[in-house]
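Have a look at the structure below before the remarks.
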Amino acid sequence: MPAGRRRTVWFSPDPRGVIPLDGLHVSRSLRRTRHRFEVRHDTRFSEVVAGCADPTRPGGWITTAFARAYARLHQLGWASSVECLDETGELVGGLYGVRIGRFFAGESMFHRVTDASKVAVVAAVERLREEGAELFDVQWQTPHLASLGAIAIARDDYLERLAAALDGGDGPPPEHT
């Protein structure tokens with residue numbers, strides 16, 4: 001993440017936030033709400049990153065250079081997005097992240113309509129399960145993510161899970177059409 005004008009720093013929180021792929025919690029109200037959105041994958045990647053980079057959001061860290069780098073990772077098949085659209089086709093929420101082997105690092109998410117980012121998380125977990133992923137890294141356990149089942153784990157545990165998820169993960173995930 002950028003730290004000031006000239007430095008980029010690496011954060012490795014301890015404890016680390018993850019969403020266990022078998023521990024997703026979808027409330028009754030979220031189950032009802034999710035049908036209000038059309039969910040897509042990798043159709044509006046740059047728009048999702050732009051939504052996450054909105055300078056009016058508190059704690060923004062996504063610079064133009066970061067957005068370009070993630071766009072390149074997306075072109076190479078390493079980064080992907082989940083998009084939530086309303087009934088008019090407007091992008092109202094989503095998330096993006098980097099996938100290596102059976103590991104997915106959720107980098108950022110946003111919403112312009114209540115629950116759109118939660119619906120994106122649910123869709124991401126469902127897809128990761130289908131693809132045989134093992135680890136969904138969300139960096140920090142926020143109250144928002146905890147409501148979906150995110151847990152905080154110690155760095156040693158995280159590193160073990162990461163190593164297992166990366167084992168044999170020497171290329172981007174299979175493409176979906």
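Of all residues in the stretch 34-60, those being among the hydrophobic types (A, V, I, L, M, F, W, C) and over 15 Å from the mean Cα position of the chain (by Cα) number 1. A single entry from F110, F37, F66 fulfils the requirement of being among the aromatic types (F, W, Y) and over 23 Å from W140 (Cα atoms): F37. Pairing each residue of the stretch 104-121 that is more than 12 Å from V82 (Cα to Cα) with any residue that is of a type in the set (A, V, I, L, M, F, W, C), provided the two are 6+ apart or on different chains, yields C-beta distances under 6 Å for F104/L128; F104/A133; F104/F136; A105/V98; R112/V92; V113/V92.
Name the single residue, out of those in the stretch 123-177 being of a type in the set (S, T, N, Q) and in a loop (DSSP other than H, G, I, E, B), that is modelled with the lowest pLDDT. Looking at the filtered set, the residue picked out is T177.
Selection of first residues in the stretch 66-82 that are at pLDDT below 95 and of second residues that are in a strand (DSSP E or B), restricted to Cβ pairs under 8 Å at least 6 apart or on distinct chains, gives the following pairs, ordered by first then second residue: F66/P2.
The values are calculated or read from the model by the stated rules, or taken from the named source; none is laboratory data. Because the structure is a prediction, the values reported are computed rather than measured. Neighbour counts are summed over all protein chains in view; Cβ atoms, including those assigned to glycine, are modelled from backbone coordinates with ideal geometry.
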